[in-house]
1. Taking 7 Å along the Cα-to-C-beta vector as the label spot, tell me the Asp64-Asn47 distance in nanometres, rounded to one decimal.
2. Express in nm, to one decimal, how much length is gained between Asp96 and Thr83 on full extension, taking 0.36 nm for each residue of separation and deducting their alpha carbon distance.
3. Would you work out the relative contact order for region 30-113, in percent, from Cα pairs under 8 angstrom that are 6 or more residues apart?
4. Modelled label-to-label distance, Glu107 and Glu39, 7 Å Cα→beta-carbon offset: nm?
5. Roughly how big is region 30-113's charge dipole about its Cα centre, with Cβ charges of +1 (Lys, Arg) and -1 (Asp, Glu), in debye to the nearest 20?
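Only the coordinates and a few stated rules stand behind these numbers; no lab work does. Bear in mind that the values here come from a model prediction, so they are computed numbers and not experimental data. Cβ coordinates were reconstructed from backbone atoms using ideal geometry, including for glycine residues, and neighbour counts include every protein chain displayed.
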Amino acid sequence: MKYFWTLLIIPFILFSCTYEKAEVPQKEDVCDSIISYSEDIRPILDNNCIGCHSGGFTPGDYSDYAGIKSKVDNGTLKLHIVTLRDMPPPPETITDDQRKIIKCWVEQGGPNN
C-alpha cells in the first residue's frame, strides 16, 4: 500500500511543476546603433592604418576625415577592410568586430560625427 501512494504522488509532482523557458538576451547588433567617426572609427584607423596611410600617401591619406571619406565614397575602404580583408597587412590586425564596425559606419554613409 505504501508503494501505491508513492507511485501516485511521483507523477503528480513531476507533472505539476511548470517552468518558463528563459529568454536568451540577444546581443545588440552594432549596426543598430549610430557608429561615431571620432569615437569608433578614428581609434581603429589610428591603431592600424595611420602608420602607412598618412602624410600624403598616394593610395590614401587617412590622417583626416576628408581622406578617409573619399575612400568610403569610392568603395575602396569597405572593399579592402571588410570584403577582401587584405588591409591592414601583417603584422597589424583588425578584429572581426572592428571590421563590422567599419562596415556599419560605411553603410551609414561614413558620417563625420
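1. Each label point lies 7 Å from its Cα, and together they span 2.6 nm.
2. Values: separation 13, 0.36 × 13 = 4.68 nm, distance 1.15 nm.
Residue separation times 0.36 nm, minus the Cα-Cα distance, leaves 3.5 nm.
3. Working: 80 pairs, mean separation 35.8, N = 84.
Once divided by the residue count of region 30-113, the mean separation gives 43 percent.
4. Calculated label separation equals 2.1 nm.
5. Details: 8 positive and 12 negative charges, 39 e Å.
Magnitude of the dipole: close to 180 debye.
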